[in-house]
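Remarks on the structure that follows.
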Amino acid sequence: MSEVTIRAVTKAYGNVQVLHGIDLDISAGEFVVFVGPSGCGKSTLLRMIAGLEAISGGTIAIGGTVVNNVVPAKRGIAMVFQNYALYPHMTVAENMGFGLKLARIPAAERERKVREAADMLQLGDYLDRLPRQLSGGQRQRVAIGRAIVRDPKVFLFDEPLSNLDAALRVATRVEIARLKQKLPDTTMIYVTHDQVEAMTLADRIVVLNGGRIEQVGSPLELYEAPANLFVARFIGSPAMNVVDIAAGARKGNPAAAAKLGVRPEHLRIAAAGETPLFSGTVSLVEQLGEVTILYVDIGAAEPLVAKLEGVRRVSPGETLSLAADAGKIHHFDASGIRLRALAAAS
Ligand SMILES: Nc1ncnc2c1ncn2[C@@H]1O[C@H](COP(=O)(O)OP(=O)(O)O)[C@@H](O)[C@H]1O
Ligand SMILES: [Mg+2]
């Protein structure tokens, strides 16, 4: 069991600062996801934990030992990348066991570990195949298996699903969720730009933006109480509607509120006699069967997006009044900080 402690960590490439002082405590056995837009520094931070990038400032400790100057092989970590470079001429079993062979682990033990990892990843029937005889998802599972056999204390994943098509991505994501259940003592750190992966896999999500942490919390904490506009818009799909108070709101907003946010799934058609939150003209309707997504022009820069359950017979051009329960409405000050979060913190 190994915890990972990150203290005031910075990274600069030349005079370009890409991480601006990261502080983070990851408990042993925790599954933590780093999520954020492309270029925000997720891979850099992960690679610094792995020892593949030098640390410009601050410290990283694994299992209580500062590893700033410890080579990757001595950190007790294993890493799975987006590009699962498997040896094309080696079977699945040989690929998975190759690192152990290099480490001169005896054949019997090697075989046992490979078999164990293969069973964990539903690869038991594929051990004699070559990589080209596997689907992309299976190949990525072999790459994960190659990491498992080394019994890492900390498992690092850098966008392991991003080269897979949509269906394989979902199936492999489920496989990683199973793996987490089977290895409850292994600390896992997983990088993705995909908020759905973050929401479904994480015990805790770390939202990064421009080399800084915006918020750390459980998936539902981030969904229900985003600390600021960035997190509010990044977590959830379609993204939260955010409107200037003057443009959309009627009354009852906190004094400091500059913007109001409401998630598409929390909007409903206003009941007869109810004061609507928004009124506007439907500009586009997307029928997905399980939900209907409406784009409503309320005179703001962006159309309002409403996600209503089931099939709704609404046509473009119709006028619509929408409401939301008070508890589902978020307020943000002029700098984008969520007001209730401020109140709760003080
Ligand atoms: N070797 C490098 N040299 C210079 N800049 C780099 C290098 N690696 C990454 N960067 C820059 O650091 C920033 C963060 O990159 P990265 O950690 O790969 O982002 P992410 O994984 O979140 O997409 C980006 O602006 C990127 O261009
Ligand atoms: Mg990256």
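The values are calculated or read from the model by the stated rules, or taken from the named source; none is laboratory data. Keep in mind that this is a model prediction, so the values were computed, not measured. Neighbour counts run over all protein chains shown; Cβ positions are idealised from the backbone, glycine included.
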*asked:* Under 7 Å between Cβ atoms, which residue pairs at least 6 apart in sequence (or on different chains) link something in the range 188-210 that is on the phi > 0 side of the Ramachandran plot with a partner that is away from ligand 1 (no atom under 14 Å from the Cβ)?
replied: none
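From 53, 94, grab the single residue that is modelled with pLDDT of 95 or more, within 16 Å of ligand 2 (Cβ to nearest atom) and acidic (Asp, Glu).
Details: 94 fails: within 16 Å of ligand 2 (Cβ to nearest atom).
Going through 53, 94 in turn, the sole match is 53.
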*In the range 201-228, what residues are small (Gly, Ala, Ser) and away from ligand 2 (no atom under 16 Å from the Cβ)?*
202, 217, 218, 225, 227
*Evaluation of residue 38 against (1) crowded, with 22+ Cβ neighbours inside 10 Å; (2) near ligand 1 (Cβ under 9 Å from one of its atoms) (one fails), failing number*: (1)
_From 19, 86, 52, residue being within 16 Å of ligand 1 (Cβ to nearest atom) and touching a Pro at 6+ places or on another chain (Cβ under 8 Å)_ = 52
*asked:* Only one of 188, 240 is more than 16 Å from ligand 2 (Cβ to nearest atom), modelled with pLDDT of 95 or more and more than 30 Å from residue 304 (Cβ to Cβ). Can you tell me which?
replied: 188
*Just one of 178, 150, 141 is surrounded by fewer than 17 Cβ atoms within 10 Å (Cβ to Cβ) and touching a Leu at 6+ places or on another chain (Cβ under 9 Å); which is it?*
178
_If I ask for residues that are within 16 Å of ligand 2 (Cβ to nearest atom), at negative phi and either in a helix (DSSP H, G or I) or small (Gly, Ala, Ser) (or both), which ones from the range 1-46 would you list?_
38, 42, 43, 44, 45, 46
*Across the range 284-322, what is the total count of residues that are touching a Phe, Trp or Tyr at 6+ places or on another chain (Cβ under 6 Å) and part of a loop (DSSP other than H, G, I, E, B)?*
2
*asked:* For the structure I just gave you, tell me whether residue 306 is in contact with a strand residue (DSSP E or B) (Cβ under 9 Å, 6 or more places away or on another chain) and buried (at least 20 other Cβ atoms within 10 Å of the Cβ).
replied: yes
*asked:* Tell me the residue from 138, 133, 122 that is assigned by TED's automatic domain parsing to the domain that holds residue 176 and closer than 16 Å to residue 81 by Cα, please.
replied: 138
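Which residue is farthest from ligand 1 (Cβ to nearest atom), if the candidates are limited to the range 184-200 and must be farther than 18 Å from residue 170 by Cβ and either β-branched (Val, Ile, Thr) or surrounded by 21 or more Cβ atoms within 10 Å (Cβ to Cβ) (or both)?
Within the range 184-200, the match that is farthest from ligand 1 (Cβ to nearest atom) is 186.
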*Just one of (1) under 30 Å from residue 73 (Cβ atoms); (2) part of a loop (DSSP other than H, G, I, E, B) trips up residue 155, so point out which.*
(2)
